[in-house]
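Heads up, the thing below is written out as structure tokens.
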There are 2 protein chains.
Amino acid sequence: MTLSEPEQAFVLHWGEMGTRWGVNRSVAQIHALLYLADKPLTAEEITETLSIARSNVSNSLKELLSWRLIETTSVLGDRRDHFTAITDGMEMATRIVEGRRQREFLPTLSTLATLVEDARGDEATSKQSADRIAETLNLMRQADDWYREMRTLPPRVQSTLLMMGAKIAKLIPGTGKS
Amino acid sequence: MTLSEPEQAFVLHWGEMGTRWGVNRSVAQIHALLYLADKPLTAEEITETLSIARSNVSNSLKELLSWRLIETTSVLGDRRDHFTAITDGMEMATRIVEGRRQREFLPTLSTLATLVEDARGDEATSKQSADRIAETLNLMRQADDWYREMRTLPPRVQSTLLMMGAKIAKLIPGTGKS
DNA sequence: CGTTAATTTCTGTTTTTACTGAAATAACTG
DNA sequence: CAGTTATTTCAGTAAAAACAGAAATTAACG
């Protein structure tokens, strides 16, 4: 597979984006490529198109699979794995968020939880410090609770909420300006 | 300033968190320290407490100032700068999000915008590719629009929305289950 | 069951990013 | 304005992450 000028620019930019948001450049590039591709690609094709080492492609694909951003599809009469990216943008975003939640957010939540205990039970720690650590935990928990609730809503409702934006606030009693 | 065991653990963990979310470790550590501190600290004190080079502290503080996560306070009879972190968690979160938006998100938005133009006007690029790049842009724009609307709401309303979570969906006509 | 193709693991290299410490500059003080 | 003290810049070093290529493993096929 050969990329046109703009396609190439997109892939490169996506890779750059990745690095700034804590995603490996190769991983992001491969994801972008599969997102644009009009047919399932083999690891070999990816290697050639992006000029990155075969081993690197292999590992990056595994990573993308674990994020559930790509899937393998079998092609009849070909024993090699073929890869496709999920194409629904909303779903993509959801899975990225969910991935980061599992890998970074939840572990931090539990670390902070024990840390709050430690701080409260340690007389060398000021009440203020303990409280601030606790507040951090609370805020993150609140955000997580909110996320978990939103996740239960059907996608249609999610996009409605997104589209309506701040107008929603007007529906809630007691939050008006007056 | 000396840190208790749990305080130290918090600072270290916060630094680790930072690296995973694209924030420099020293920057995050210093932020955590100032967040816990019960009084404004000088650069010198930070250097001693965290054992990181003076120059590093200086640059990190400048970084934190540019994110508006810390402020300088003058102490009478002392010509050195003293630093304090903002303590309201919600406000902290807001400023971090706003910072990343300005630095990463908006630039990407404009890059993608020109990229969509390029792709549409380039006959070597398939319609599908161009559409997918465009969809990516649209989704990111939608998210940004939503964010901008939310930002206009008074903090009280913001937390209400956060607390009510999915219950909000029930208020919106046409998004019910049936 | 041996051969070939495909994939993965592993070790060493390269690249990038973070950090230090010295030197330069700037800001204040008597 | 000479002497200090505080801050910043900068060049070099160290640490971390990403990556390549060879070697090893696994899976398919006749």
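The values are calculated or read from the model by the stated rules, or taken from the named source; none is laboratory data. The structure displayed is predicted, hence computed values, not measured ones. Glycine gets a Cβ as well: all are built from the backbone with ideal geometry, and neighbour counts include every protein chain shown. To get the accessible areas, we keep the full protein, side chains included, count just its heavy atoms, and leave off ligands, DNA and RNA. Shrake-Rupley method; radii C 1.70, N 1.55, O 1.52, S 1.80 Å.
Assorted remarks:
- In region A:5-85, taking the dipole from charged Cβ atoms about the Cα centre, the farthest positive-side position among A:Ala37, A:Trp21, A:Ala85 is held by A:Trp21.
- Among A:Met150, A:Met140, A:Met164: highest mean-square fluctuation, GNM of chain A, C-alpha pairs under 10 Å: A:Met164
- Anisotropy class of the protein assembly as shown from Cα gyration tensor, a/c 1.5 cut: prolate
- If you model region B:89-158 as an ellipsoid using its alpha carbon gyration tensor, with each semi-axis the square root of five times an eigenvalue, the axes come out at 32, 12, 7 Å, biggest first.
- With the charge dipole of chain A set up from +1 on Lys and Arg Cβ and -1 on Asp and Glu Cβ about the Cα centre, the Cα lying farthest toward the positive end among the listed residues A:Ala53, A:Val116, A:Ala9 is that of A:Val116.
- Remark: accessible area buried at the B-A interface is about 5300 Å², both chains counted, probe radius 1.4 Å.
- A cut-off of 5 Å between modelled amide H atoms, ignoring neighbours fewer than 5 places along the same chain, links B:Thr42 with B:Phe83.
- Loop-located trypsin sites (Lys or Arg not before Pro) in region A:44-87 (DSSP state other than H, G, I, E, B) with a sparse environment of at most 15 neighbouring Cβ atoms within 10 Å: A:Arg68.
- Dipole in debye (nearest 20) - region A:1-138, about Cα centre, beta carbon charges: Lys, Arg +1; Asp, Glu -1: 140 debye
- Theoretical ellipticity at 222 nm over chain B - DSSP helices of four or more residues, -39500 (n - 2.57) apiece, nearest 500: -20500 deg cm²/dmol
- Cross-link partners for B:Lys127 among the lysines, with Cα-Cα distance under 26 Å and sequence neighbours closer than 8 places in the same chain left out: A:Lys39.
- Mean partner shielding of peptide B:161-167, defined as the number of other chain Cβ atoms within 10 Å of each residue Cβ, is 6.
- A Cβ-based charge dipole, computed about the Cα centre of the protein assembly as shown with Lys and Arg at +1 and Asp and Glu at -1, lands at about 1040 debye.
- Extension gain for B:Glu117-B:Ala53 works out to 18.3 nm (0.36 nm per residue, less the C-alpha to C-alpha distance).
- Cα gyration tensor shape of region A:42-178, rounded if a/c is under 1.5, else prolate or oblate by comparing a/b with b/c: oblate
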